[in-house]
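Data block below; observations after.
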């Protein structure tokens, strides 16, 4: 996956720079076109001449060293790169990227590139665990940067712990695995619904549910990372998405979600209805706030449109997946829903189980396809669960 790829190797200043030499050599041996860009600090550990010999290309250090007047060097390299690898990545370069600071050639180029960026941190164990560093890494990960976790062991500073730059072979393997995985849904169009709906009672009150949208958003983010073009129809949630391949459509009510899902349904390859849509809404919506009265209040409710059933009835080539969030007999209800709504698969979860309910960051589910093949996903982060669900969908689509 790196053969004939244009790879920018960014080297920041730490003792682990010596491993970056081996990384440059191995990338070149695998057929990659490698250009090395060093921070000033990195040159204190290894000479630029070493990287020039290993990569067979000039080494970039100074933003203002413009060798070709027809090109702006850092923009030219940023556009040239298919992949950028920062190894070692110090706390300093991670902090710069997370805060949009561009004060040297490497940070400036990385802010300008649209290539996939892989960050391999290397630093003291306490630096790695510092809240500022952890927050910066979380921010970059949310923006779509990819991290190759450091190993644990004896560090140059004398400490033993996490912070050692991963071995060059492992870095290349991680990049190749991700590049291969990124093609899983390449060219596919995916429509996902997420979050709750709100059904208005009066200007200040509404009926809703506990759905946070986290599962649906995890599915959208992972699908985009796997190469899909994603349309996300979202009820009112606090979750955010930043991936360029995700188009978000915000809705409030079940009727609005019905309209948005139908409007975007026709040209989709995969449709996943992960939203928790209200089954009922107040039959009468008051224009003014309903005042408190003596005694009880009765509100007559009417059924909302069944979005999933209507999509199943209209299905042509779409692979349609529903969710069944249940508190008792989840498999029985899930199988019934799969058949009644003409689904290709259903994701069943018992929301009463610890770690699998609404609003949390974890989930555990059973994926059931129309052939009644069951795949269990044990308790894991919602991103990991989303990854497994999408892998099952891809498998079933290939088997059709």
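Here, each number is a calculation from the coordinates, and none is a lab measurement. Fair warning: this is a prediction, and the values are worked out from it, not measured in the lab. As a convention, Cβ positions derive from the backbone with ideal geometry for all residues, glycine included, and neighbour counts pool all protein chains shown.
This ranking places 354, 141 by how few other beta-carbon atoms lie within 10 Å of each, fewest first, which gives 354, 141. Helix 214-225 against the longest principal axis of the chain: what's the angle in degrees, Cα atoms only, rounded to the nearest 10? Value to nearest ten degrees: 40.
Taking only Cα atoms and a 10 Å spring cutoff, compute GNM fluctuations for the chain and point out the largest among 300, 199, 313. Among 300, 199, 313, the largest GNM mean-square fluctuation belongs to 300. Of 142, 274, 218, the residue with the greatest mean-square motion in the GNM of the chain, using alpha carbon springs below 10 Å, is 142. Is the C-alpha gyration tensor of segment 29-183 telling us rounded, prolate or oblate? Criteria: a/c under 1.5 is rounded; beyond that, a/b larger than b/c is prolate, otherwise oblate. Rounded. From least to most packed, judged by other beta carbons within 10 angstrom and beginning with the fewest, 398, 289 follow the order 398, 289. On a C-alpha basis, how far is the centre of segment 267-345 from the centre of segment 18-55 in Å? Whole number, if you could? What the calculation gives is 56 Å, centre to centre.
Once the Cα atoms are used to define both axes, helix 168-181 deviates from the longest principal axis of the chain by about 30 degrees. Just so you know, the averaged projected area of the alpha carbon convex hull for the chain sits at 25.0 nm². According to the square roots a ≥ b ≥ c of the eigenvalues of the Cα gyration tensor, what is the shape class of segment 158-290, taking rounded for a/c under 1.5, prolate for a/b larger than b/c otherwise, and oblate for the remainder? Oblate. The label-point distance for residue 339 and residue 72, in a model that sets each label 7 Å from Cα toward Cβ, rounds to 6.4 nm.
In this calculation the C-beta distance from residue 279 to residue 248 is compared with R0 = 25 Å, giving a FRET efficiency of 0.55. This ranking places 389, 148 by how few other beta-carbon atoms lie within 10 Å of each, fewest first, which gives 148, 389.
Rounded to the nearest Å, what's the spacing between the alpha carbon centres of segment 190-218 and segment 354-372? Just the number, please. Using only Cα atoms, the two centres lie 18 Å from each other.
Can you work out the FRET efficiency for the pair residue 41 and residue 64, with r the C-beta to C-beta distance and R0 = 22 Å, to the nearest 0.05? Efficiency at R0 = 22 Å is approximately 0.80. Determine the calculated [θ] at 222 nm for the chain from helices alone, applying -39500 (n - 2.57) to every DSSP H run no shorter than 4 residues and normalising by the residue count; nearest 500 deg cm²/dmol. It lands at -10000 deg cm²/dmol.
Relative to the longest principal axis of the chain, what angle (0 to 90°, nearest 10) does the C-alpha long axis of helix 254-263 take? Its long axis makes an angle of about 60 degrees. For the residues 293, 318, 179, a GNM of the chain with alpha-carbon springs under 10 Å puts the largest fluctuation on 293. Classified by the C-alpha gyration tensor, segment 8-88 has an oblate form. Its axis ratio a/c, with a ≥ b ≥ c, is 1.5 or above, and a/b does not exceed b/c.
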